[in-house]
Amino acid sequence: MKKTKYHIAVTGLNNTDNPGPGIPVIRGLRESKDFDVRIIGLAYENLEPGIYMPDMVDKAYQIPYPSSGMNTLLKRIEYIHSKERLDVIIPNFDAELYTFIQARERLQKIGIQTFLPTMDQFEERQKANLSQYGEKYGVKVPFSKTITHRRDIEQLKDSFEYPLLVKGKFYDAYLAYSAEQVNSFFNRISAKWGMPVIIQEFIRGTEVNVIALGDGLGNTVGAVPMRKQYITDKGKAWGGITIQNDKMMELTRDLIRKTKWQGGMELELIKTNKNEYYLIEINPRIPAWVYLAVASGQNLPEALVKLALGLNPPPFSNYEVGKMFIRYSYDLIGDISQFGNLSVSGEM
Amino acid sequence: MKLKRNIAISENGFLFNPETGDSFLLNPIAREIVNFLKEGNDVADVKQLLFDRYEVDLVTLEKNLEDFLEMLQHNELLDR
């Protein structure tokens, strides 16, 4: 039987040493047993490696940064839609999610589906709200505080012990051992990501993560826990392994049940030597290591597309433990004409 | 004191704890002890099995076995 072909637009093609989830999402979609795909890559920069990787995107279009506003972005999406007849968009960057969540109904009206958390779900798990989040849903979280001015730094010693973490609202986290270091990280982070800057208690332990997909009704469609084996200087996993951990799975299912989470998510947890789990962050999207979940038996990008199209995929019941991923770098060779096309026409 | 049920050990002494993602390389005697535990022997059985198999005095055996079990405990490989 001929499989239906869906046209799926994907962002996050920056397959750098701090990779976006675009390419692993595409790999998962291309391995779908139930449908075929035409992949439309949406890129912010001309040199996002995913654009040039063979057999990944069928066509790439440049899109404007979210900071240029929802109307500008939607105008561009409408143009791409007129050419490509998009069925689904999978946005993969934290910074663009707000705009895409806001645009959900407008996209739906022109026939493009998304499967993202609601605005309330997105907002309440913001790093700045983590303390309240932990309290509301009964999850252990590190004590944290937001600051918006350098003068707040001196007072941190009243409520924190050093070292502590200084975090940006979207990305970046630095461990600071003194007020001077906090000051320097505060400047760096606020210049890059804006306010507020989050100060968080440093919990010692092992970092473990869970990738999960919620159906928006409280059910967990899939979840795979992973332990990072190698971490880059940017704190990103360069290698990881799937683990079997009932506590982490229960914590994930419980959180999805209580929040009725819709869409992909990554829970970042710290396991202390007392065997306690602290939630340090929720990324409201599929993480870059999603292909590990695909390889261990849960094709979550495929399931997400089905959910977006209202196809109700059955929940995954297991995954393979001990599957590993190791990232690598590889020099792709391109031609100036490709770069030229993208620069001049914004598509390739 | 029992080895966690889901611990996997390969023939060449590579041990993987699927719960934490930790892996270890065991030397031949450690491999032997872990396999005894995995077969369901308790500590007294393991001690006896080793005592019967090797030329060792009981005090040395007990001390070394205890150290090793502590190491297993520390690395979350035993059920408490």
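The values are calculated or read from the model by the stated rules, or taken from the named source; none is laboratory data. Fair warning: this is a prediction, and the values are worked out from it, not measured in the lab. Backbone-built Cβ (ideal geometry, glycine too); neighbour counts: all protein chains shown. SASA here: full protein model, heavy atoms, side chains in, ligands and nucleic acids out. Shrake-Rupley method; radii C 1.70, N 1.55, O 1.52, S 1.80 Å.
Data overview
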| item | result |
| --- | --- |
| Charge dipole of the stretch A:1-138 about the Cα centre (unit charges at C-beta), most positive-ward option of A:99, A:23, A:9 | A:9 |
| Averaged over A:248-255, number of beta-carbon atoms from partner chains that fall within 10 Å | 0 |
| Qualifying trypsin sites (Lys or Arg not before Pro) for the stretch A:6-37 [loop in DSSP, other Cβ within 10 Å: at most 15] | A:33 |
| Selection of chymotrypsin sites (Phe, Trp or Tyr not before Pro), the stretch A:307-348, meeting DSSP coil and at most 16 other Cβ within 10 Å | A:328, A:330 |
| Quotient of C-alpha Rg and 2.2 N^0.38 Å, computed over the stretch A:204-326 | 1.00 |
| Long-range Cα-Cα pairs in chain A (distance over 39 Å), rounded percent | 13 percent |
| Where only C-alpha atoms are counted, convex hull volume of the stretch A:12-89 per residue in Å³ | 95 Å³ |
| 29 Å Cα-Cα threshold exceeded, pairs from A:59/A:109; A:75/A:234; A:169/A:258; A:127/A:157 | A:75/A:234 |
| For the protein assembly as shown, share of DSSP beta bridges that run antiparallel, in % to the nearest 5 | 75 percent |
| Calculated diffusion of the stretch A:68-208, Stokes-Einstein form, Kirkwood radius summed over Cα pairs, 10 °C and 1.306 mPa s, µm²/s | 92 µm²/s |
| Within the protein assembly as shown, helix-based [θ] at 222 nm, where runs of 4 or more DSSP H residues each add -39,500 (n - 2.57), nearest 500 | -10500 deg cm²/dmol |
| Mean Cα-pair separation over length for chain A, i.e. relative contact order, pairs under 8 Å, 6 or more apart, % | 18 percent |
| Carbon/sulfur fraction of accessible area - chain A, other protein chains in place, 1.4 Å, % | 49 percent |
| Angstrom value of the Kirkwood radius, inverse mean 1/r, which spans all Cα pairs in the stretch A:156-243 | 15.2 Å |
| Residue-normalised accessible area of the stretch A:230-348, given per residue in Å² at a 1.4 Å probe | 49 Å² |
| Accessible area buried between chains B and A, both sides summed, probe 1.4 Å, in Å² to nearest 100 | 700 Å² |
| Estimated translational D of the stretch A:143-201 in µm²/s (Stokes, Kirkwood radius over Cα pairs; 4 °C; 1.567 mPa s) | 119 µm²/s |
| Peptide A:213-223 - average C-beta neighbours from other chains (10 Å radius) | 0 |
| Helical segments meeting 20 Å axial Cα length and Kyte-Doolittle -0.5 threshold in chain B (DSSP H) | B:58-74 |
| Shielding by partners, peptide B:19-32 (average Cβ within 10 angstrom, other chains) | 3 |
| Lys, Arg +1 and Asp, Glu -1 on Cβ, resulting dipole of chain A about Cα centre, debye, nearest 20 | 460 debye |
